[in-house]
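Novice: Can you keep this structure in mind? I'll have questions shortly.
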Amino acid sequence: MEWYQKAAEQKYAQAQFDLGLLYYGEAERGEVERQTESGPTTGKNDEQAFYWLNLAAKQGIRHAQTKVAECYDQGFGVPQNHIYAFQWYSQAAEQGDDGAQLALEQKYAQGDGVPQDYVLAYVWFNLAGAQGQAEAARQREVLLTRMSPLQMERGQEMSRDYFQQYLIEAKQ
C-alpha cells in the first residue's frame, strides 16, 4: 500500500486508481494486489476511495470515471448526486467503458436521473453488448418489448453512429 500511496501522491493516475480501488474494497476482484510486505491493506474507506478515484478520473482513466459515477450514484464517500453520476458515466461511456455504457442504458430505460428514453437506452445496450456485457443483451430483449417499430429503427441508426464514434474511435 505504501508504494501505491507514494506513486499516487506523485500524480501517477494508475496508482491513484489502484489506491482508490483498495479503499473502495474492490481489490479482491484481482484489479490490485491486496497484500503488501507488511500484510493486508487497510480496510474500506469511502472518503479515501472517492478522493483517489476522483483524481484518477480527472486524468482520464475511464474505469475510474465509472467508479466516481458509482460513488455519486450511491452516495459512496460523497453526497449522492445523480447529475454528477450521469456526467461521469457519460464521459466514461464515450471513452468505451462498457460498465458505464450499461449504467447509462439502465438510467435511460428506467428514467433514473434522466428523462426516460428507450432509443438512447437501446443504443447504450448495443454498445455495451458489443463489448461482451452479457447483461446488456438480456436487458435489451426486455426493452424491445416496450419500443415501437419507429423507436427500434431510430435506435439502430443511432447505434451505428455511436458504435463508430464511441467504440471504434475511442479505441484508436
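The values are calculated or read from the model by the stated rules, or taken from the named source; none is laboratory data. The structure presented is a predicted model; accordingly, all values stated were derived computationally and were not measured. Reconstructed Cβ throughout: ideal geometry from the backbone, glycine too, with neighbour counts over all protein chains shown.
Novice: Can you pull out the residues in region 91-111 that are without any contact (Cβ under 8 Å) to a residue 60 or more places away in the chain, surrounded by fewer than 24 Cβ atoms within 10 Å (Cβ to Cβ) and closer than 18 Å to Q164 by Cβ?
Specialist: D98
Novice: Do we have any residue at all in region 104-113 that's touching a Phe, Trp or Tyr at 6+ places or on another chain (Cβ under 9 Å), within 23 Å of I61 (Cα to Cα) and charged (D, E, K, R)?
Specialist: Checked against the condition, which is being touching a Phe, Trp or Tyr at 6+ places or on another chain (Cβ under 9 Å), within 23 Å of I61 (Cα to Cα) and charged (D, E, K, R), region 104-113 yields at least one hit.
Novice: Failed condition for Q16, given (1) under 16 Å from the mean Cα position of the chain (by Cα); (2) modelled with pLDDT of 90 or more; (3) crowded, with 19+ Cβ neighbours inside 10 Å, with all others met?
Specialist: All conditions pass for Q16, except number (1).
Novice: Find the helices (runs of 4 or more DSSP H) located wholly in region 69-170 whose residues include 3 or more that are at pLDDT below 90, and list them.
Specialist: In region 69-170, the matching helices (runs of 4 or more DSSP H) lie at 134-144.
Novice: While we're here: Residues in region 120-129: is at least one touching a Phe, Trp or Tyr at 6+ places or on another chain (Cβ under 8 Å) and either at positive phi or not aliphatic (A, V, I, L, M) (or both)?
Specialist: yes
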